[in-house]
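Asker: Below you'll find the structure I mean.
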Amino acid sequence: MRILFVCSEVVPFVKTGGLADVCAALPKKLHERGHDVRIVMPRYRAVDVAKFNLLPLMPEMKVRYGGDTFSGEVMRTSYPGTEMPVYFVDLPNLFDRDGIYNASNHDYLDNDRRFACFNMAALWLLKGLDWQPEVIHLHDWQAGLIAALLKHHPEVCTNEFFTRIKSVLTIHNLAYQGNFGPQLVGDIGLPWSIFTSEGMEFYGRASTLKAGIVYSDIVTTVSETYAEEILRPEYGANLEGVLNARKSRLHGILNGIDTKVWDPATDTLIAKPIHAASGKGRAECKAALQELCGFPKKPNVPLLGLTTRLTGQKGIDLFADAVNTLLTEDVQIVVLGTGEERYENLFREGAHRFPRKFAAKLSYDETLAHRIYAGSDIFLIPSAFEPCGLTQMYAMRYGAIPVARATGGLVDTVIPATIERIEKGVATGFLFTHYNAGAFLEAIHQAIHLYRNDQGHWDKLRRNAMARDFSWDRSAVAYEGLYGKALAL
Ligand code: ADP
């Protein structure tokens, strides 16, 4: 099958969250399985042309938006370690900036035209290549508009080259909707007839995510539980009505992880390789993490880790509350994250006051992320909502036991511990249901209790977690099935 991935971030070129991991691992897996898969993304300033060997492909690219014309070019490379082509839309006026979506935590004011132009360019470059995908796989609001362009843009929908192409939209997080002023519709050349509540109008704004939901042939999201949750007002972010209307085309497919990049047995970023069955290597990884954090190197003190964007979604308030109590106990805690200033300040201050038990690493640091998964005993994920979540999977694969809120993909990946389920080999972590610090603390204490008092079962729990298969194989097959379904429509 010929499949084009349209993504706003792809690891290792640029990453702000799990989206970038998925937009690399899934196409790679499909490519490995024999499909003609290609990726297109913007060429941000952060994409290193020399390091990734980006070569000129189409020297002239022009995109019209409102009264303006943006010029640039298309570059190309192969995804590292593969022959899979990756195309970069290089429109310097729009993408040659310090940030990806924002600068100093403020979204760029022209994100509508930045991503609308990227979407339009992604389509026309196919014509330039004379490569016609059967399916275009769109990721989040940054690519959602393509579904509307394919169905309604007068120059696209009447062009024979595009008419048979099917689109699949994956929603990685419904909270990010790409809602902009209505002028977006006219500026990109879409007809005003689609600016209705059945179309891409959303409370008076033009929503690129809604455009994707309404106009793609198939809609997916990243776990089965989240696919059900978003049909309800608590999780639907005001789009539950639209999603219910497209329910027959909505599917939940759990993300996988790249098991080659995230392999504790071969990972060179961690202090020692970790052997899944025996747990050999974990003690050294823990000691190394303790040293890095400035904690006493005590092997038996539970070390709790958290790696996340510091935003409300991730349950940082709950974490901050829980930390207050935990710091009166004999534990060590490390948090790695960047995000809202109030959280960063709070954690900076906490680390200053409790340097021997609380470390705050307020940066984006891929290496340290690996070291935290490898070195902590317990990994915390108190999310208010979590479409899929990757960190719990990385943690389990590296032998850190997750304590997570029972929501979205966390429900689908963390099997809560009872002695019986541990012994049967199914349990992999701890879950709590109610979104409050008390419930979170109770679950953490359950984990700490087992860790301290029942080494045999703790060790078995760790082996269960490390043995879980989170590879993309199964999900890639599910996507193939959906692409097939789209083609049959
Ligand atoms: P989301 O996409 O909502 O941020 P996910 O759990 O799906 O959440 O993915 C988060 C990804 O970002 C993981 O790969 C995690 O390791 C990584 N990550 C988050 N914060 C940091 C950080 N400060 N440094 C390094 N990696 C981080």
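The values are calculated or read from the model by the stated rules, or taken from the named source; none is laboratory data. Nothing here was measured: the structure is a model prediction, and the numbers come from that model. In this analysis, Cβ positions are derived from the backbone assuming ideal geometry, glycine residues included, and neighbour counts consider all displayed protein chains.
Asker: Going through 24, 50, 20 one at a time, which residue ends up being at negative phi and surrounded by fewer than 20 Cβ atoms within 10 Å (Cβ to Cβ)? Explain how you work it out, then say what you get.
Answerer: Details: 24 fails: surrounded by fewer than 20 Cβ atoms within 10 Å (Cβ to Cβ); 20 fails: surrounded by fewer than 20 Cβ atoms within 10 Å (Cβ to Cβ).
Every option except 50 fails the conditions.
Asker: Same structure, new question: Mind checking which residues of the stretch 319-345 are aliphatic (A, V, I, L, M) and more than 16 Å from the ligand (Cβ to nearest atom)?
Answerer: 320, 322, 323, 326, 327, 331
Asker: Please state which one of 178, 144 is touching a helix residue (DSSP H, G or I) at 6+ places or on another chain (Cβ under 6 Å) and at positive phi.
Answerer: Values: 144 fails: at positive phi.
After ruling out the rest, the residue left standing is 178.
Asker: Mind listing whichever residues of the stretch 363-396 are more than 8 Å from the ligand (Cβ to nearest atom), farther than 24 Å from residue 253 by Cα and among the aliphatic types (A, V, I, L, M)?
Answerer: 372, 374, 378
Asker: List every residue pair whose Cβ atoms sit under 6 Å apart, with the two residues 6 or more apart in sequence or on different chains, where the first one lies in the stretch 69-90 and is closer than 15 Å to residue 59 by Cβ and the second, anywhere, is acidic (Asp, Glu) and outside any strand (DSSP E or B).
Answerer: none
Asker: Taking residue 433 as the residue in question, decide whether it is of a type in the set (Val, Ile, Thr) and either within 11 Å of the ligand (Cβ to nearest atom) or buried (at least 17 other Cβ atoms within 10 Å of the Cβ) (or both).
Answerer: No; evaluated as a whole, the condition is false for this residue.
Asker: Among (1) farther than 21 Å from residue 175 by Cβ; (2) within 16 Å of the ligand (Cβ to nearest atom); (3) in contact with a helix residue (DSSP H, G or I) (Cβ under 7 Å, 6 or more places away or on another chain), which single condition is residue 419 missing?
Answerer: Against the list (1) farther than 21 Å from residue 175 by Cβ; (2) within 16 Å of the ligand (Cβ to nearest atom); (3) in contact with a helix residue (DSSP H, G or I) (Cβ under 7 Å, 6 or more places away or on another chain), residue 419 comes up short only on (2).
Asker: Same structure, new question: Based on this model, can you work out whether residue 34 counts as at positive phi, in contact (Cβ under 8 Å) with a residue 60 or more places away in the chain and away from the ligand (no atom under 16 Å from the Cβ)?
Answerer: Spelling it out, it is not the case that residue 34 is at positive phi, in contact (Cβ under 8 Å) with a residue 60 or more places away in the chain and away from the ligand (no atom under 16 Å from the Cβ).
Asker: Return the pair list, or none, for Cβ contacts closer than 8 Å from residues in the stretch 324-350 that are farther than 19 Å from residue 290 by Cα to residues that are in a loop (DSSP other than H, G, I, E, B), at least 6 apart or on different chains.
Answerer: From residues that are farther than 19 Å from residue 290 by Cα, the pairs are 338/362; 338/363; 338/364; 339/311; 340/105; 340/311; 341/105; 344/362.
Asker: So which residues in the stretch 227-244 are in a helix (DSSP H, G or I), in contact with a Leu (Cβ under 8 Å, 6 or more places away or on another chain) and closer than 18 Å to residue 172 by Cβ, if there are any at all?
Answerer: Within the stretch 227-244, 227, 235, 236, 240, 243 meet the criteria.
Asker: Moving to a separate point now. Looking at 307, 311, can you tell me which residue is within 16 Å of the ligand (Cβ to nearest atom), β-branched (Val, Ile, Thr) and surrounded by fewer than 18 Cβ atoms within 10 Å (Cβ to Cβ)?
Answerer: 311
Asker: Looking only at the stretch 13-31, count every residue that is within 12 Å of the ligand (Cβ to nearest atom) and charged (D, E, K, R) and tell me the total.
Answerer: Matching residues across the stretch 13-31 total 2.
Asker: Go through 47, 10, 40 for me and flag whichever is within 16 Å of the ligand (Cβ to nearest atom), at pLDDT 95 or above and either in contact with a His (Cβ under 9 Å, 6 or more places away or on another chain) or within 26 Å of residue 365 (Cα to Cα) (or both).
Answerer: Just one listed residue meets the conditions, 10.
Asker: If you scan the stretch 360-401, which residues turn out to be aromatic (Phe, Trp, Tyr), in contact with a helix residue (DSSP H, G or I) (Cβ under 8 Å, 6 or more places away or on another chain) and either within 26 Å of residue 350 (Cα to Cα) or assigned to a loop (DSSP other than H, G, I, E, B) (or both)?
Answerer: 373, 379, 385 - these are the residues of the stretch 360-401 that are aromatic (Phe, Trp, Tyr), in contact with a helix residue (DSSP H, G or I) (Cβ under 8 Å, 6 or more places away or on another chain) and either within 26 Å of residue 350 (Cα to Cα) or assigned to a loop (DSSP other than H, G, I, E, B) (or both).
Asker: Would you point out the residue of the stretch 358-376, among those that are among the polar types (S, T, N, Q) and touching a strand residue (DSSP E or B) at 6+ places or on another chain (Cβ under 9 Å), that is surrounded by the fewest Cβ atoms within 10 Å (Cβ to Cβ)?
Answerer: Applying the filter and picking the extreme gives 363.
Asker: Quick check on my filter: what residues within the stretch 402-419 are in a strand (DSSP E or B) and surrounded by fewer than 24 Cβ atoms within 10 Å (Cβ to Cβ)?
Answerer: Across the stretch 402-419, the qualifying residue is only 416.
Asker: Then there's this: Within the stretch 103-114, is even one residue touching a residue at least 12 places away in the same chain (Cβ under 8 Å), farther than 18 Å from residue 143 by Cβ, assigned to a strand (DSSP E or B) and of a type in the set (Gly, Ala, Ser)?
Answerer: no
Asker: Which numbered condition trips up residue 392, out of (1) touching a Pro at 6+ places or on another chain (Cβ under 6 Å); (2) among the polar types (S, T, N, Q); (3) over 30 Å from residue 220 (Cβ atoms)?
Answerer: (3)
Residues are listed down the side, and each one gets a yes or a no for (1) more than 22 Å from residue 479 (Cβ to Cβ); (2) surrounded by 22 or more Cβ atoms within 10 Å (Cβ to Cβ):
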site: 92; (1), (2): yes, no
site: 100; (1), (2): yes, no
site: 164; (1), (2): no, no
site: 171; (1), (2): no, yes
site: 178; (1), (2): yes, yes
